[in-house]
Amino acid sequence: MIESLLNNNMAWASARVRADSQFFRRLSEQQSPEYLWIGCSDSRVPANEIVGLDPGELFVHRNIANLAPPRDINFLSVLQYSVEVLKVRHIIVCGHYGCGGVRAALDTERRGLIDHWLQPVTELARAHADHLDTITDFEGRVNLTCELNVRAQVEYVGRNPFVADAWRRGQKLAVHGWIYSIRDGLLHDLELTIENARDVDALVRRRWSSNA
Ligand code: CO
């Protein structure tokens, strides 16, 4: 029932106040999150909850298949605001195995607007077809594409002019690529962390040399 959500909210807010009477007063004055989360809209990947962060600690952008599209005004607004105004220290691109968006990008079924949104993932899979075709089961191909997609988004974020300018100004900012497993609730660091423009070049070079 929809009313239960409002009741849950009352119970949640009063529990927070009982634990810390100044909690909402502090939050209402300002937010100073150190992290920007770029994750999938999937209801099973609740950003704050899986990393144990409270309201005020994580700036969140979620969309289908955790994309960081270089021409999406929503994403670009979030990125610029979090880097230039909030001055987050870390950007986390978080994918998840079994992503329905990635799966949809790999088949030929028509679903509508989503096919256009997922076009970059379809292109990515095409670019890696030689590698992906060696995997016989579809779920295996989906999961490898989920990892490749995180990597591609980390590269997009690293190449983004807002991020490049922040590094040029000497601002401390790291971009990380993680993947979440819905089966066990665990995050895995894909070891794609970049902290400056040189790291981005190295990451791209590593991609070509390993062809992965
Ligand atoms: Co997903």
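Relative contact order for the chain: 19 percent, from Cα pairs under 8 Å spaced at least 6 residues apart, divided by residue count.
3J(HN,Hα) along the stretch 120-129: x, 6, 4, 4, 4, 5, 4, 5, 10, 4 Hz, from the Karplus curve 6.51 cos²θ - 1.76 cosθ + 1.60 with θ = phi - 60°, whole Hz, x for Gly and Pro.
When the chain is treated as a GNM, springs tying every alpha-carbon pair under 10 Å, which of Arg18, Arg169, Arg103 comes out with the largest mean-square fluctuation? The residue that fluctuates most here is Arg18. Using the average count of surrounding beta-carbon atoms within 10 Å as a protection proxy, the listed peptides 54-66, 181-193 rank, highest first, as 54-66, 181-193. Other residues whose C-beta falls under 13 angstrom from the C-beta of Asp54 contribute a net charge of -2, scoring Lys and Arg +1 and Asp and Glu -1.
Note on surface exposure: Arg16, Arg206 rank Arg206, Arg16 by accessible area, highest first, 1.4 Å probe. Comparing Cα centroids, the stretch 115-132 and the stretch 52-112 end up 18 angstrom apart.
Straightening the chain between Asn9 and Ser43 buys 10.4 nm, computed as 0.36 nm per residue apart minus the Cα-Cα spacing. Once the Cα atoms are used to define both axes, helix 3-19 deviates from the longest principal axis of the chain by about 70 degrees.
Per residue, how large is the accessible surface of the chain? Use a 1.4 angstrom probe and give square angstrom.
Details: 12180 Å² over 212 residues.
In whole numbers, the chain has 57 Å² accessible per residue.
When the Cα convex hull of the stretch 1-76 is projected onto planes of every orientation, the mean area is 6.7 nm².
Rounded to the nearest 10 degrees, the angle from helix 197-210 to the longest Cα principal axis of the chain is 40 degrees. Its DSSP H runs of at least 4 residues, each contributing -39,500 (n - 2.57), put the calculated 222 nm mean residue ellipticity of the chain at -14500 deg cm²/dmol, to the nearest 500.
Under a 1.4 angstrom probe, counting protein chains only, how are Thr134, Thr108 ranked by accessible area, largest first? Mind dumping the intermediate values first?
On the way: Thr134 100, Thr108 125 Å².
I get Thr108, Thr134, largest accessible area first.
Note the direction-averaged projected area, equal to a quarter of the hull surface, for the Cα convex hull of the stretch 31-211, in nm².
Numbers: hull surface 41.3 nm².
Mean orientational projected area (the stretch 31-211, Cα hull): 10.3 nm².
Carbon-plus-sulfur fraction of the accessible area of the chain, 1.4 Å probe, in percent?
Details: 6370 of 12180 Å².
Using a 1.4 Å probe with all protein chains present, the chain comes out at 52 percent carbon and sulfur.
Where does the Debye-calculated log10 I(q)/I(0) of the stretch 115-202 sit at q = 0.20, 0.25 Å⁻¹, using only Cα point scatterers of equal weight, no solvent? Taken in order of the listed q values, log10 I(q)/I(0) reads -1.02, -1.21.
The values are calculated or read from the model by the stated rules, or taken from the named source; none is laboratory data. Since the structure is predicted, the reported quantities are computational estimates derived from the model, not experimental observations. All Cβ positions, glycine included, derive from the backbone under ideal geometry; neighbour counts span all protein chains shown. Ligands, DNA and RNA are stripped out before the accessible areas are found, and what is left, the full protein with its side chains, is counted by its heavy atoms. Shrake-Rupley method; radii C 1.70, N 1.55, O 1.52, S 1.80 Å.
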